[in-house]
Each structure stands twice: as C-alpha cells, then as structure tokens.
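Report on the structure given below.
The values are calculated or read from the model by the stated rules, or taken from the named source; none is laboratory data. This one's a predicted model, so the numbers in the text were calculated from it and none came from an experiment. Every residue, glycine among them, receives a Cβ derived from its backbone with ideal geometry; neighbour counts consider all protein chains shown. These area figures cover heavy atoms from the full protein model, side chains too; ligands, DNA and RNA do not enter into them. Shrake-Rupley method; radii C 1.70, N 1.55, O 1.52, S 1.80 Å.
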Amino acid sequence: MYQYDEHDQRIVDERAAQFRGQVQRRLAGEITENEFKPLRLQNGLYMQLHAYMLRVAVPYGLLSSAQLRALATIARDYDKGYAHFTTRQNVQYNWPELEDVPKILDLLASVQMHAIQTSGNCIRNTTSDPLAGIAADELEDPRPYCELIRQWSTFHPEFAFLPRKFKIAVTGSRTDRAAVRIHDIGIRIVDNDAGERGFEILVGGGLGRTPHIAKVVRDFLPYEHLLSYLEAVLRVYNRYGRRDNKYKARIKIQVSEWGVEKFAAAVEEEWGHIKDSATALTRAEIDRIKGRFHTPSFEALPNEDLDALALTSDREFARFLKNNLRPHRVPGYTAIVISTKPKDRAPGDVSDSQLEALADLADRFGLGHVVVMHDQNVMMPNVKQADLKAVYAVLEEWDLHTANAGRVTDQICCPGLDFCNLANARSIPVALRIAERFDDQDYLDDLGDVSLKMSGCINACGHHHVGNIGILGIDKAGVEAYQLMLGGDPGDEASLGKIVGRAFSSDEIVDAVSTVLDTYATQRESADETFLDFYRRAGLDPFKESLYGTD
Amino acid sequence: MSDQTLAVARSFGSHFVITANTTDAGAPVYLRPDRTWSASLTDAHAVGSEDERDDLLSHAQTQEHDVCDPYAFKVNVEAGAAVATTTRERIRSQGPTSPLRRPDAAQG
C-alpha cells in the first residue's frame with residue numbers, strides 16, 4: 001500500500017474542509033445550484049434519479065483493511081448499508097445526503113482517501129492490473145507509476161478543464177489485464193531491444209458512443225520521460241480536441257480524425273519542448289515512491305497440492321478452487337477472486353458487514369489489503385495456499401464465496417435506469433434474471449470463460465462493447481429494449497463487439513442470451529474452443545440464424 | 001424556443017407536471033397545486049397547457065434554495081392523479097426496481 005506523505009494528507013484534509021464550506025453555503029442559499037454543481041462534481045458528487053451519488057476514488061483499486069472499514073462505516077452511517085464497486089475500480093454510494101458529504105470526506109481523508117477527480121473533464125482515477133505486484137509475467141509493478149500519475153495529475157491546473165474526461169491505465173505485464181487498449185492513454189511497461197526499461201504508449205482508445213481501440217503512438221518511451229510525454233499528449237488534446245460537440249470531444253475522436261501519424265507527430269513536437277523539464281523522472285524519485293508502498297514480505301513456503309485439495313466432498317469449494325484462484329509469483333501463495341455476483345445481488349454491490357468481513361479477512365489472511373477489480377469483483381492478492389480452506393469458510397459465511405469468476409454470470413453491469421440519470425434502460429434487473437436463469441454451475445463450467453457486459457445506455461459504463469456478449473439498453477419510444485452484440489474483448493487482441501440484429505424486448509433478452517450460449521455450446525469444435533475463439537472462427541452467422549431464423 | 005421549453009424532458013402524455021430534486025437529499029419532488037413540493041407524483045399539479053406549464057416552471061426555478069434543476073415532463077391523468085408515461089419517470093417516482101441490500105447471510 002502506498003502511504004501518504006504530509007503533502008498528500010494536507011491536500012485531502014484541506015479539500016474536505018473546503019467542500020464543507022461550499023456545502024454550508026449551498027444549504028444556506030448563499031450559492032445557487034448552478035454555482036455549486038461544478039464544485040460538487042469536482043468532489044465526485046453527482047445528482048442521480050433518486051438521490052445524490054458520491055464516487056470515491058480507489059487509486060489503482062488498492063484498498064487497505066482500514067480503508068475497507070471506513071467504507072463500511074460510510075455505508076452504514078451515511079447510506080443504506082451498502083456500497084457499489086465500479087468498472088473504474090472505484091466505490092460509489094447511491095444515497096448520501098448533502099449535509100453528510102463533508103463528514104464522509106473527513107472520514108475518507110482520515111484513511112488516506114478522497115473523491116477528487118472522480119467526475120468532470122479532468123484526468124480520472126488511473127487503473128491497473130488487479131494482479132499488479134504478484135503476476136508471474138510482470139516486468140515491473142505498475143502501481144508506483146500509477147501513483148506518480150495520480151500525484152502529477154491531481155489538481156494539475158492545465159488539465160482541470162479538458163474537452164472531456166480522461167482515463168489512463170497502466171500494466172506491467174505481458175498479458176493485458178488492465179484493458180489498456182480501451183483507455184484514452186494506455187501504458188505498457190516494456191523493455192527495448194537493448195534491455196532498457198520504458199513504456200509503450202497507446203492513445204485514443206475508449207468505449208461510449210463511438211468505441212475505438214487505442215493505437216500505439218510511441219513504441220518505446222524511456223522511463224524518465226513518462227510524465228513529460230503524458231503532458232505532451234494532454235497538451236495536444238487540450239489544445240486541438242473538439243469542444244464544439246461533447247460526443248466528439250474525447251481524444252479517440254481527435255486521433256481518429258487526425259490519424260495516428262499526425263497525432264503522434266504533434267505530440268513529439270510538443271514533447272521536444274518539455275522533455276527535459278522539471279517533470280523528468282529520476283530513478284531516485286521512482287524509488288522514493290516505491291519506498292512508500294511498503295511491499296509485503298512473503299514467507300518461504302512450499303506450493304500446496306491444490307489438485308489434492310480440490311478432491312473434497314464439498315463440490316462448491318472444489319469449484320471455487322478451480323474458478324476463483326489466480327496464480328501468484330511467490331510459491332505457496334495465491335490470489336483469490338471474491339465474486340460480488342451471487343444470483344440475487346446487483347453486481348458490484350457489497351454490504352457494510354461484508355466490507356468489514358473483507359477487512360478482517362485481509363488482516364488475517366491477506367497481508368492487510370484487497371484490490372477492487374475493474375470487473376467489479378474484489379481480489380485478495382496475497383493468500384497463503386495453506387489458508388484457502390479457512391478463507392473459504394469465512395467467505396461462505398458472508399456469502400462471498402460464489403465460484404463464478406470468469407463465467408457468464410460474472411457479469412459487469414452498470415447501475416442503469418434504476419439509479420442513473422443518463423440511463424435509457426435498466427440493467428440490474430436483467431443481470432439478476434440472467435443470474436437466476438443460469439444458476440447451473442456445471443453448465444457454466446462447461447461453457448468455460450464467457451464475459452457478459454451490460455450497459456444501460458450508450459455511455460458504456462458497463463463496457464458492453466468489449467464483452468464476449470455485450471448488452472446495451474436502449475429506449476424505444478419510452479420502452480426499454482436491449483441490443484445484443486458479440487465478440488468484444490478488452491485484452492491483448494482487443495476487439496469491439498458487433499450488433500447481432502434487431503433489439504430484444506426486456507422479456508426476450510434473457511432467452512436471447514440463452515440461445516447465444518446454446519449456439520456456442522452445440523457448435524464449438526471442442527471443449528477447448530472458447531466462446532471468443534468460436535466467434536472469431538464462425539462469426540455472427542450461426543448466432544443470427546439461431547436468434548432470428550433464416551429469413 | 002424558450003429556455004423553459006428546452007427544460008421539458010422528452011416524454012409523452014396529455015398533461016405536464018413539474019419536478020426537481022431536493023437540495024438536502026437529492027430526492028425527487030413534484031410541484032403541488034399550492035406550489036409546495038411533494039415526494040409523491042400523485043400529488044403533482046397536472047396542467048394541460050404549455051402556458052400553465054411555463055408559469056409553474058418559472059415559479060419552480062425561483063425555489064433553487066430548496067430544489068435543484070426543475071423541469072417539466074408529460075404525464076397522463078388517471079382518476080385525477082398524474083401517472084408517469086415513461087419508465088424513467090415511473091422509476092424515479094417509485095424508486096429502484098431491484099432490491100437495494102440483502103440481509104447478510106452471517107446475520108441470519
């Protein structure tokens with residue numbers, strides 16, 4: 001965990017105090033809603049359908065047990081007893097009252113958290129690989145670089161009013177688990193042919209109304225130039241990005257309209273002016289940041305025989321071992337995916353008690369922290385394999401043991417029209433019906449990994465464009481309908497899903513998903529052919545035929 | 001086109017009502033005939049003409065100490081009460097359609 005220094009702490013303390021005054025003036029009628037709105041948005045406070053919504057930043061998804069307990073307290077004392085994990089590895093509260101928000105920000109500041117830059121046209125929370133720091137294929141832990149970006153971008157005066165919001169992701173592994181290709185800037189830690197450490201920089205990815213896969217603008221950037229190069233990209237975007245139409249204002253549109261060569265040339269020219277400025281990183285500065293992470297010390301342990309452990313009469317525990325473990329680079333340890341998606345809960349929702357249970361688990365078995373994953377689950381990254389039974393027993397006690405990680409019921413789902421002011425259709429009730437329909441775990445395991453991602457509107461908070469199965473809620477003359485798309489993936493071979501055909505009604509959409517799954521299950525070449533492989537081989541036609549017939 | 005007309009949400013129906021969110025809790029409220037605010041859509045003053053709508057909306061826009069971002073939307077009137085005609089306004093007036101928080105298993 002990164003530990004704040006006095007400057008970090010002072011920033012969040014002063015920001016909380018500043019917002020307290022702004023809230024007092026709003027409640028006293030001294031400032032109007034139009035004056036207050038940009039102030040509250042800069043502190044992550046939105047107005048949704050039924051109430052305010054507060055979005056709390058979780059830098060690169062990392063949460064300590066103390067922070068989990070604070071989030072639980074907020075859920076219990078200032079909300080309706082639950083919190084919601086988002087696809088930006090953040091936390092949202094759906095029911096805070098305005099006068100309580102300064103108290104919430106004080107509580108967050110006391111555990112080194114805040115809601116700064118979780119809204120507005122600024123640089124948002126930088127995300128990363130949930131396996132950062134423990135992945136065997138990792139060149140270097142990306143989180144210190146995420147933290148450098150966080151510090152550089154926090155209150156950056158030049159980038160507080162960009163044409164649109166701006167999202168950055170960093171991965172240090174060869175396998176992309178951070179979805180860098182669907183971010184405004186994606187950063188991959190790489191080595192060049194001379195063995196020097198640096199970054200590959202991708203720009204112009206994003207979902208929303210006009211999805212784009214990011215393009216490489218620089219295949220190798222020496223590590224010391226990370227911030228100056230990011231500054232150059234942001235400057236080119238800030239100066240030339242479109243402000244006349246919010247739907248064309250993201251950097252992906254600029255890169256697409258200009259072409260990547262022109263964009264890269266403009267960045268290189270700008271970078272030439274600032275590359276040796278004060279933003280140049282030294283190894284000492286990187287080491288200083290790394291030093292504040294207090295890397296956990298691992299015991300020398302043997303690897304357990306997990307296959308033998310799975311030979312148990314408890315089929316759900318065996319399934320959990322099969323589906324919810326992720327490899328750890330240190331022998332004797334494993335990472336655990338804790339699914340927030342049992343069949344009767346909104347994906348991403350966790351209760352105050354569950355948050356406290358997670359905090360206790362992290363302290364007892366997880367070296368004191370967890371990671372919020374961009375698929376709305378929680379990862380315990382540092383569990384001794386020998387503790388798996390004990391951890392599972394606690395997870396089972398708190399209904400956090402669902403063994404569906406990576407399966408089709410491990411859905412990404414935005415809040416949708418049940419909460420969101422922008423949504424056109426509900427997504428949570430559809431997710432619940434999908435979870436109810438596909439509750440045969442043997443069937444899900446037979447299907448293997450299939451990602452299902454659902455958004456209640458074109459803004460794509462549920463990442464539907466990059467779901468193997470994507471569902472987009474739309475409004476057809478005041479009635480909810482759902483477009484089905486197939487073939488999306490955010491990984492190394494990133495692809496955008498294609499719409500299969502006419503939209504389905506709310507009553508039809510779960511049957512349509514069932515038809516898609518059955519089509520794959522009956523027509524795949526073998527059990528080893530994944531859903532995505534099948535789609536990439538066979539295309540949309542077999543699905544169209546199953547869904548709509550031949551006419 | 002006036003700003004007030006622009007503030008009318010996309011909806012359909014025979015009448016208009018005025019809504020906003022409260023400043024303290026952000027909860028949806030509806031303008032009553034006596035020009036106070038109610039949490040219930042059935043209490044809303046449903047008016048049939050654009051002139052009445054614009055008059056009510058103008059009044060609502062002077063109440064920004066108590067409410068935020070008032071707007072008008074169309075409703076039908078059934079048994080003397082306003083009834084939302086879109087899913088959005090129906091959910092907004094009645095609350096989320098999905099359960100908010102299950103009892104925790106470990107709490108019995």
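Answer with yes or no whether A:Asp360 is more than 22 Å from A:Glu316 (Cα to Cα), open to solvent by 20 Å² or more (accessible area, probe 1.4 Å) and within 12 Å of chain B (Cβ to nearest Cβ).
So A:Asp360 passes the test.
Could you check how many residues of region A:93-104 are buried (at least 23 other Cβ atoms within 10 Å of the Cβ) and either charged (D, E, K, R) or under 22 Å from the mean Cα position of the chain (by Cα) (or both)?
Number satisfying all stated conditions: 2.
Taking region B:44-98 on its own, how many of its residues are closer than 29 Å to A:Glu30 by Cα, open to solvent by less than 20 Å² (accessible area, probe 1.4 Å) and assigned to a loop (DSSP other than H, G, I, E, B)?
1
Kindly indicate whether A:Ala66 is within 13 Å of chain B (Cβ to nearest Cβ), at pLDDT 95 or above and at negative phi.
No; evaluated as a whole, the condition is false for this residue.
Looking at A:Arg239, A:Arg243, which one is in a loop (DSSP other than H, G, I, E, B) and out of contact with any helix residue (DSSP H, G or I) (no Cβ under 8 Å at 6 or more places or on another chain)?
Only one candidate qualifies: A:Arg243.
Looking at region B:74-87 only, could you name the residues that are within 11 Å of chain A (Cβ to nearest Cβ) and touching a residue at least 24 places away in the same chain (Cβ under 8 Å)?
B:Lys74, B:Ala84, B:Thr85, B:Thr86, listed by residue number.
Looking at region A:485-503, is at least one residue assigned to a helix (DSSP H, G or I), closer than 18 Å to A:Asp410 by Cα and open to solvent by less than 20 Å² (accessible area, probe 1.4 Å)?
No - not one qualifying residue is present in region A:485-503.
Filter region A:1-50 for residues that are of a type in the set (Gly, Ala, Ser) and more than 9 Å from every other protein chain (Cβ to nearest Cβ); which is surrounded by the fewest Cβ atoms within 10 Å (Cβ to Cβ)?
Only one residue tops the list, namely A:Gly21.
Going through region A:4-48 one residue at a time, which ones are in contact with a His (Cβ under 9 Å, 6 or more places away or on another chain), among the β-branched types (Val, Ile, Thr) and outside any loop (DSSP other than H, G, I, E, B)?
Within region A:4-48, A:Ile11, A:Val12 qualify.
Name the single residue that is most open to solvent (accessible area, probe 1.4 Å) among those in region A:367-378 being within 26 Å of A:Ala346 (Cβ to Cβ) and in contact with a helix residue (DSSP H, G or I) (Cβ under 8 Å, 6 or more places away or on another chain).
The extreme case among them is A:His374.
So is B:Thr36 over 30 Å from A:Ala75 (Cα atoms) and facing chain A (nearest Cβ under 10 Å) or not?
Judged against the criteria, B:Thr36 is not a match.
Keeping to region A:284-323, report how many residues are at pLDDT 90 or above and over 29 Å from A:Ala403 (Cα atoms).
10
Just to check your reading of the model, which residue among A:Ile253, A:Ile286 is over 30 Å from A:Leu207 (Cα atoms), open to solvent by less than 60 Å² (accessible area, probe 1.4 Å), assigned by TED's automatic domain parsing to the domain that holds A:Phe161 and part of a helix (DSSP H, G or I)?
Exactly one residue qualifies, and that residue is A:Ile286.
Does region A:388-409 include one or more residues that are assigned by TED's automatic domain parsing to the domain that holds A:Ser353, assigned to a strand (DSSP E or B) and under 22 Å from A:Arg326 (Cβ atoms)?
Within region A:388-409 (the criterion being assigned by TED's automatic domain parsing to the domain that holds A:Ser353, assigned to a strand (DSSP E or B) and under 22 Å from A:Arg326 (Cβ atoms)), the answer is no, since none of the residues qualifies.
Taking the condition at pLDDT 95 or above, under 15 Å from A:Ile123 (Cβ atoms) and open to solvent by less than 40 Å² (accessible area, probe 1.4 Å), does A:Gly186 pass?
Yes; evaluated as a whole, the condition is true for this residue.
Only residues that are more than 14 Å from every other protein chain (Cβ to nearest Cβ) and either under 24 Å from A:Leu45 (Cα atoms) or at pLDDT 95 or above (or both): list them for region B:9-33, please.
Within region B:9-33, B:His15, B:Phe16, B:Val17, B:Ile18, B:Leu31, B:Arg32, B:Pro33 qualify.
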